Amino acid sequence: MKSYLVVFAVLILSAIGLLFVFNVTYVRNFANPYIFVQKQAIALALGLALMFVISRTPLGVLRRLSIFLLVISFCFVIATLILGSGDAKRWIRLPGFSIQPVEFFKIVLTLFLANVFSKIEKIDFSTVISFVTLGLFLSFPVYLQPDYGNFAFIMIMVIFMLFIAGAKLRYLLAIAFPIIPLLALAVITAPYRMRRLLVFIDPWTDPQGSGFQVIQSLLSYASGGLTGVGIGEGIQRLFFLPAVHNDFIISSIAEEVGFLGIVVIVLLYSIVAFVGFLSASRLKDRFAKLAVASATFFISAQAILNLLVSVALLPTKGLPLPFISYGGSSTIANFIAIGIMLSGISAEENKLS
Amino acid sequence: MSRGRKSKEYSSRSSQSKKKVGDPATKRILVSLFLVLAGFGIYIVRAGYISMFSEELKEKAKAQSKTTIVIKGKRGKIYDRNGKLIAKDIPSYSLWMNPQTLRTDEAKRKNIYEIAKILKIDQKEISDKLQKKVHFVWIKRQLTEDEFRSVKRIIERFSRNEVGVIKEWKRFYPYGDVVAHITGFVNIDSEGLAGLELYYDRKLKGKEIKLAVLRDALGRIIMNFPPDEPPPGYDIYTTVDIDLQLLLFEELKNQMQNMKAKGAFAIAIDPNTGEVLAGVSLPSFDPNYPSKYPEKSRQAKFYQYVFEPGSVFKIFVVASALESDIISPTDSFFCHEGKWDFKSITIRDVKKIGYATPREIVALSSNICASQISLLLGKERLYNYLKRLGFGSKTGVDLPGEESGLLSHFSRWYDVDLAVIGFGYFIGVTPLQIATAFSSIVNDGYILRPYIVSKIVSPHREIIYQAKPEFRDKIFSKQTCELMKSFMRETVISGTGKRAEIPFFLSAGKTGTSRKLKNGKYVKEYISSFIGFSPYEDPKIVLFVVFDEPEEAYYGGEVASPVFASVVEKYLSSHLQFSINSENSYDKSYSGTSSQKVLLSKFLDSLPQDKLKEKKVTIKGYGFVNHVEETEDEIVIQLSPN
């Protein structure tokens, strides 16, 4: 029952995603207006298949594989630094499509951490320090790509895992202190980050530059109002230069279906979060508990971060909106997370019956 | 040391709590759920506030949405039946400027005025545009290549944020006013406003893209150009024969001038398929510049004009009476010597006749006897035939704004109405309705839906629509049709339509002359018409020619028949082709009567048979064998009517 609810929510979100990926891309690519939607549909199909397979796989199997998968995906992330092209070395290009290894690395990392923490009975300060260090080490190649959004997300995942594994809040606060000078350093070394930060504080200081996307996003919400201007009627999508089909797709949705549409989407994500965390809380097996909780957080946190960026409550990060944004690797990774959730839920239900 | 102690403490505490509440992770997971839901909550509150309560953002969004422009893909082409282009898009250049950046700069303003001068734009219009508080305004849309070249030099003095050029497509109709009422025309935004352009607008039009005209804080324009051109629309192939159309247009125009007529219109269709071959409405307009012509000239009279047809209508009344066995071809009617008082009216004939058979009634066009046949048929029966023939309803041709004419229900007819319907009054028809109904007599009784688009082809050369003849009703038997055709042949041989005769092919038809009804009175202003078909033995074309208020003469036989004969003769002779296959029998596309076929085949038989097999045989012209030319690989047989 619970699994159906989650699958239902995810399918609706994917359908909305497909519709809007088409809606915002067909106005741009005329040689083949369906190219984005085709690629996204293929990713959805692959993701659904993987989700199904994983949901039928006992979590124990995934647990044993996690260290192996982590090493492989980490190698791929490093490979982007060598093989990747352009300014941002995030993709490995293959004929016809490209892979963003960090997306797979993220989900495998949560599985790995769930495995490790399930074996650690007590988490003292040294454990916290060592895992934060491990997190920094593993995410360093991502930082080099550079992909700060995912770098930050990986660190958030590590801290979240420490949190639910039972680390004292004091410890977690203690490691937060050095983050501030680190952030300052990051901003000083890369001036465009400074701009982003300033723009975040007041986007109107540079409406054509860094603040541009954020302002256009806010204008989209405003022109959408309660019920939106109608699907296919929006014009804001024309103003987003490159990122409307991934990072800022929610803004286009807000314009076309309005606040009511937004509420529906948030409700669907809430269903996933609700079912995922509640199931996790009831699981007896500690690994299963941590794995399901981290998979749930994996989806919800990305959603929240993306949504908050679109309303200018967080600085622009470049994180996709799960199941809705265009992006093959992230879509497949999200379905893997749902697969892990479903596997845990079915284990729980089997025990009850 | 101290760390070790501490951790011991914690671990003992945590194992204690573990006994009570189980895994501490459970609690933390529920806290996480709360935090995540709180995150969604914060987002919803913020999104709701921005969406609904932020007036300032709403204003800004509105202002921004005004600065988008639409760029359209190339519109599909329109072809005639032989693949000749009758409408296509040609490149044009549209010039825009940003008044915000130009207004304050004297030198730049001067340059703008210079451009305006070259492009012959009113000084005041330009200065008004310069005063506008917008960032984008057209200087002039759709400049020709020459105009563009003449101002290019000045444009280059501006930065690309001040004045710019956007390439657009402009519709071009190479035949000008000749096929204007079929193609219709488009507005400056390439939207179809009439004719095929309107009816097939959704197929013809290219993909549209909106361009965002952005501006920065200084009002500089940042144009968001598309990666490539938007894809074009679908091409349309029509059934129109542009050569016939040209011929018809010229001849109609000449005769209109000769006869000092107010207007003229004609429709040609293939009676076997319902294909519209040509349609002319005069006075015409040039679809390249539609606004320069009076609105009246845009009416496509061959399917949008409703009139009382007069005598051509007798064909349908007599055919209906024959079909329902009310009359027989040998019956004789008394025609009252040209004047018959029926109830409140007096019916007159041009030619005074005593007794007449249906054949003579048609050939000599007796109003008196036609109304007698109408009265014999009775209201209900005649109404039903006329209804089935398509009168009072649209033919369904694929052109916009078709008129359905006027056919009131028989329950509202008086006897007098029934009588005058017999010779084409008290009924409103369009030329296309007449031609469609007439075709049913020519093609052995079938009502076909007339159509003008034969296929639609996508930019990838896929055929997305292929028309085929659409039979709607079978009304007359072959027998009735043969009789009617022979009556109409008689019209041309010895009746009112002698001038419609076409040698070699032979023709048949019916003349029509009707008075116009003005302010409730029939006045001495006429509509003169002729409808006919040819070749007589193998009809390929039905042509209905109508002149509106001719002054020099007014009988249809005098005014319209000669145009019919001339156009159809030229059309058929240009299409006369014989092909000879290896078995040495020949196939014809168009040919004359049986006797002439025999003559030609006899001639071919007389030629050395081995030569015919070796060489390509081409037959040119029509009529009788004039001379034969033999080259190394071809035999050319030249025919001539005399």
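Calculate for the protein assembly as shown the 222 nm mean residue ellipticity that helices alone would give, adding -39,500 (n - 2.57) per DSSP H run of length 4 or more and normalising by residue count, nearest 500 deg cm²/dmol. Mind showing how you got there, number by number?
Values: 36 runs with 498 residues, N = 995.
Rounded to the nearest 500, it is -16000 deg cm²/dmol.
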Open item on the list: Viscosity 0.890 mPa s, temperature 25 °C: give me the Stokes-Einstein translational D for region A:296-353 in µm²/s, with Rh taken as the Kirkwood radius over C-alpha pairs.
Closed with: 193
TODO: Compute the FRET efficiency between B:Thr346 and B:Asn626 as 1/(1 + (r/R0)^6), taking r as their Cβ-Cβ distance and R0 = 56 Å, and round to the nearest 0.05.
DONE: 0.55
Task: Principal axis box of the protein assembly as shown, alpha-carbon based, largest edge first, Å - done: 140, 80, 75
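By the scheme Lys and Arg +1, Asp and Glu -1, what is the net charge of all other residues having a beta-carbon under 11 Å from that of B:Ser127?
Details: positive: B:Arg103, B:Arg109, B:Lys124, B:Lys129, B:Lys132; negative: B:Asp122, B:Glu125, B:Asp128.
Residues near B:Ser127 contribute +2 overall.
Once the Cβ-Cβ distance between B:Glu56 and B:Asp128 is put in as r, and R0 is 35 Å, what FRET efficiency do you end up with, to the nearest 0.05? All intermediate terms of the calculation are to be shown ahead of the outcome.
On the way: r = 30 Å, r/R0 = 0.87.
The formula returns an efficiency of 0.70 here.
Determine, from the Cβ-Cβ distance of B:Gln466 and B:Ile90 and an R0 of 25 Å, the FRET efficiency 1/(1 + (r/R0)^6), rounded to the nearest 0.05.
Working: r = 28 Å, r/R0 = 1.13.
Computed FRET efficiency for B:Gln466 and B:Ile90 comes out at 0.35.
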Task: Distance cut-off 20 Å, percentage of C-alpha pairs in region B:287-432 lying past it - done: 51
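Could you compute the net charge surrounding A:Ser310? Neighbours are other residues with a C-beta less than 13 Å from the C-beta of A:Ser310; K and R count +1, D and E count -1. Present the calculation step by step, with values, prior to reporting the outcome.
Working: positive: A:Lys317, B:Arg46; negative: A:Asp247, A:Glu255.
Charge balance in the 13 Å sphere: 0.
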Open item on the list: Take B:Glu552 and B:Trp138, extend 7 Å from each Cα along the Cα→Cβ direction, and tell me the distance between the two endpoints in nm.
Closed with: 4.4
Task: Positive-pole candidate from A:Val309, B:Cys481, A:Gly225, dipole of the protein assembly as shown, charges at beta carbon - done: A:Val309
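Please state, as a whole number in µm²/s, the translational diffusion coefficient that the Stokes-Einstein equation yields for region B:66-176 at 37 °C and 0.692 mPa s, with Rh defined as the Kirkwood radius across alpha carbon pairs.
Details: Rh = 15.4 Å.
Approximately 213 µm²/s, per Stokes-Einstein.
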Task: Amide H contacts of B:Glu275 (H built 1.01 Å from N, under 5 Å, at least 5 apart or other chain) - done: B:Asp270, B:Tyr451
Task: Backbone N within region B:277-320 under 16 Å of label point (7 Å from B:Asp417 Cα along the Cβ vector) - done: B:308
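With an 8 Å cut-off on Cα pairs and a minimum separation of 6 or more residues, tell me the relative contact order of chain A in percent. If you can, show how the numbers build up before the last one.
Details: 496 pairs, mean separation 98.0, N = 353.
That works out to 28 percent.
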- [ ] Give, rounded to the nearest 20 debye, the magnitude of the charge dipole that the protein assembly as shown has about its Cα centre when Lys and Arg contribute +1 at Cβ and Asp and Glu contribute -1 at Cβ.
- [x] 5480
Task: Inter-label distance, nm, simple model (7 Å from Cα along the C-beta direction), A:Ile179/B:Glu295 - done: 7.1
Task: chain A: Rg to Rh, with Rh as the Kirkwood radius over Cα pairs - done: 0.96
Task: Buried accessible area, chains B and A (both chains, 1.4 Å probe, Å² to nearest 100) - done: 4900
Task: Kirkwood-Stokes translational diffusion coefficient of region A:214-318, alpha-carbon pairs, 37 °C, 0.692 mPa s, µm²/s - done: 222
- [ ] Please calculate how many Å² of accessible area region B:337-391 carries per residue, with a 1.4 Å probe and no DNA, RNA or ligand atoms counted.
- [x] 47
Open item on the list: Can you find, among B:Tyr446, B:Ala435, B:Ser411, the residue sitting farthest towards the positive end of the charge dipole of region B:391-493, where Lys and Arg contribute +1 and Asp and Glu -1 at Cβ?
Closed with: B:Tyr446
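Of all the stretches in chain A, which is the longest one without any exposed loop site, taking trypsin sites (Lys or Arg not before Pro) in a DSSP loop (any state but H, G, I, E, B) with at most 13 other Cβ atoms within 10 Å? Show your work: numbers first, answer last.
Numbers: sites that count: A:Arg56, A:Lys284.
That gives A:57-283 as the longest site-free run.
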Task: Label-point separation, A:Asn350 to A:Thr57 (7 Å along Cα→Cβ), nm - done: 1.5
Task: Filter on B:Lys110/B:Lys132; B:Lys205/B:Lys468; B:Lys260/B:Lys510; A:Lys119/A:Lys289; B:Lys117/B:Lys152 - keep pairs with C-alpha separation over 19 Å - done: B:Lys205/B:Lys468; B:Lys260/B:Lys510
TODO: Give a quick list of chymotrypsin sites (Phe, Trp or Tyr not before Pro) in region B:343-429 that DSSP marks as loop, anything other than H, G, I, E or B, with at most 12 other Cβ atoms within 10 Å.
DONE: B:Tyr414
Open item on the list: Once each part is reduced to its C-alpha centroid, what is the distance from region A:264-302 to region B:120-157 in angstrom?
Closed with: 62
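The values are calculated or read from the model by the stated rules, or taken from the named source; none is laboratory data. None of the values given here were measured: they were computed from a predicted structure. Neighbour counts run over all protein chains shown; Cβ positions are idealised from the backbone, glycine included. Side chains are part of the model used for accessible areas, which takes the heavy atoms of the whole protein and leaves out ligands, DNA and RNA. Shrake-Rupley method; radii C 1.70, N 1.55, O 1.52, S 1.80 Å.
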